[in-house]
Amino acid sequence: MSILLTEDTTFIVQGITGREAVNLTRECLDYGKGAKVVGGVTPGRKGRDVHGVPVFDTVEQAVEHHGAQVNGSVVTVPPAFTKDAVFEALEHGIELIVIVTERIPRRDVAQMVELADAKNARIIGPNCLGVIVPDVIKMGGIGGPAQDAAKAYTPGPVGVMSRSGGMTTEISSTLTAAGLGQSTAVSIGGDAIIGSTYTELMPLFEADEQTQAIVIYTEPGGRMEADLSRWVTENKSRLPIVAFMAGKFMDEMPGMSFGHAGTIVEGKADTAAEKIERLREAGITVAEEIAEIPGLVKERLGQAVAS
């Protein structure tokens, strides 16, 4: 089992003729059982192909060519055009959209998320690397080239969610080295507004029989951790959770952010120390170092079995 993706998931790549998208498409085609990339979209480039994937001017043309519903889209177009691309995908029945693009205006992101909710669709990102089901399929640049992703990710019982794309792979690689495979790993995105938060993905992991534990990588800034802590408590989650909080040094440097737009600390509740306290109050184990994560996961899994 897995969440979001299966080996039968079909998707398109919007902006497929861009350099990053060309590489991303190759990586997805080569990984696992081979992603079903059924088309690409770049206006004015219809008739071309990228690694054998036919290119169209519009999403409508790509869907018509496929002859059936397309499940997902990876959006790699420039920030100024991302909203239009996502709206086009949503209007043509695409239910899972991975937005790789960063620096999208917040208002545009809010409008995309609102329309996705209205269409019962899901956005992952923006500013993310996507989703991977180890040895099966990946959607996005997560894990890099197929041979590298195959080394970092292995099938197993641990779900991974991370605000950092690179740390999604780092944590999964650390788990793999310790003999702990992953059910699904999701790079949720590092922006202030994103399509799917930890809390919004938790019910999917809860319903997945393969997933027996969760690891999250998180940062100062925003309210996602507080929301997760509340959800875990109110829903009596069956899944033991281990978290790693980056950027603890920021508590001593008010007003500073690093890396992601979502790491801006606007008040005490956004600080690393406050978030760690809330996570622990909810029964979530917080690792001091990345290297501690596998041992803590094994410990929590052992406790779950014993109980």
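Condition (residue is farther than 19 Å from Ile99 by Cα and of a type in the set (Ser, Thr, Tyr)) applied to the stretch 7-19: is it met by at least one residue?
Taking the stretch 7-19 as the starting set, the residues that turn out to be farther than 19 Å from Ile99 by Cα are 7-8.
If we keep only those that are of a type in the set (Ser, Thr, Tyr) too, we end up with none.
Checked against the condition, which is being farther than 19 Å from Ile99 by Cα and of a type in the set (Ser, Thr, Tyr), the stretch 7-19 yields no hits at all.
Any residue in the stretch 225-244 that's free of Cβ contacts under 8 Å to residues at least 24 places away in the same chain and more than 14 Å from Phe205 (Cβ to Cβ): show its pairings with residues that are outside any helix (DSSP H, G or I) and among the β-branched types (Val, Ile, Thr) at Cβ separation under 9 Å, as long as the two are six or more apart or on different chains.
That search, which allows pairs on different chains as well, returns nothing.
So which of Thr169, Thr154 is modelled with pLDDT of 95 or more, touching a Phe, Trp or Tyr at 6+ places or on another chain (Cβ under 8 Å) and of a type in the set (Val, Ile, Thr)?
Values: Thr154 fails: touching a Phe, Trp or Tyr at 6+ places or on another chain (Cβ under 8 Å).
Criteria check complete, one pass: Thr169.
Within the group Gly141, Gly222, Gly195, which residue is surrounded by 18 or more Cβ atoms within 10 Å (Cβ to Cβ), in contact with a Gly (Cβ under 9 Å, 6 or more places away or on another chain), at pLDDT below 95 and outside any strand (DSSP E or B)?
Numbers: Gly141 fails: at pLDDT below 95; Gly195 fails: at pLDDT below 95.
Sole residue among the options that is surrounded by 18 or more Cβ atoms within 10 Å (Cβ to Cβ), in contact with a Gly (Cβ under 9 Å, 6 or more places away or on another chain), at pLDDT below 95 and outside any strand (DSSP E or B): Gly222.
Output the number of the condition that Thr176 fails; it satisfies all remaining conditions of (1) under 16 Å from Ile3 (Cβ atoms); (2) surrounded by fewer than 23 Cβ atoms within 10 Å (Cβ to Cβ).
So Thr176 meets the others, but not (1).
Would you check which residues across the stretch 171-192 are of a type in the set (Gly, Ala, Ser) and in a strand (DSSP E or B) and list them? Step through it out loud before you land on a result.
First, pick out the residues of the stretch 171-192 that are of a type in the set (Gly, Ala, Ser): 172-173, 177-179, 181, 183, 185, 187, 189-190, 192.
Listed by number, the residues that qualify are Ser183, Ala185, Ser187.
What are the pairs with Cβ atoms under 6 angstrom where one residue, in the stretch 32-60, is without any contact (Cβ under 8 Å) to a residue 24 or more places away in the chain and the other, located anywhere, is aromatic (Phe, Trp, Tyr) and assigned to a strand (DSSP E or B)? Sequence gap at least six, or different chains.
Lys46/Phe56
Determine, yes or no, whether Thr82 is on the phi < 0 side of the Ramachandran plot, among the polar types (S, T, N, Q) and crowded, with 22+ Cβ neighbours inside 10 Å. Before the answer, list the steps.
Working: on the phi < 0 side of the Ramachandran plot: yes; among the polar types (S, T, N, Q): yes; crowded, with 22+ Cβ neighbours inside 10 Å: yes.
So Thr82 passes the test.
State which residue is nearest to Ala85 (Cα to Cα) when the search covers only the stretch 1-57 and only residues that are among the acidic types (Asp, Glu) and outside any loop (DSSP other than H, G, I, E, B). Reasoning before the result, please.
Taking the stretch 1-57 as the starting set, the residues that turn out to be among the acidic types (Asp, Glu) are 7-8, 20, 27, 30, 49, 57.
Adding the requirement that they be outside any loop (DSSP other than H, G, I, E, B) leaves 20, 27, 30, 49.
Details: Glu20: 17, Glu27: 22, Asp30: 25, Asp49: 19 Å.
Among those that are among the acidic types (Asp, Glu) and outside any loop (DSSP other than H, G, I, E, B), it is Glu20.
What about Ser73, is it within 29 Å of Ala192 (Cα to Cα), in contact with a strand residue (DSSP E or B) (Cβ under 8 Å, 6 or more places away or on another chain), of a type outside the set (Lys, Arg) and in a loop (DSSP other than H, G, I, E, B)? Working first, answer last.
Values: within 29 Å of Ala192 (Cα to Cα): yes; in contact with a strand residue (DSSP E or B) (Cβ under 8 Å, 6 or more places away or on another chain): yes; of a type outside the set (Lys, Arg): yes; in a loop (DSSP other than H, G, I, E, B): no.
Taking the combined requirement at face value, the residue does not satisfy it.
The values are calculated or read from the model by the stated rules, or taken from the named source; none is laboratory data. Everything quoted here is computed from the prediction, not taken from an experiment. As a convention, Cβ positions derive from the backbone with ideal geometry for all residues, glycine included, and neighbour counts pool all protein chains shown.
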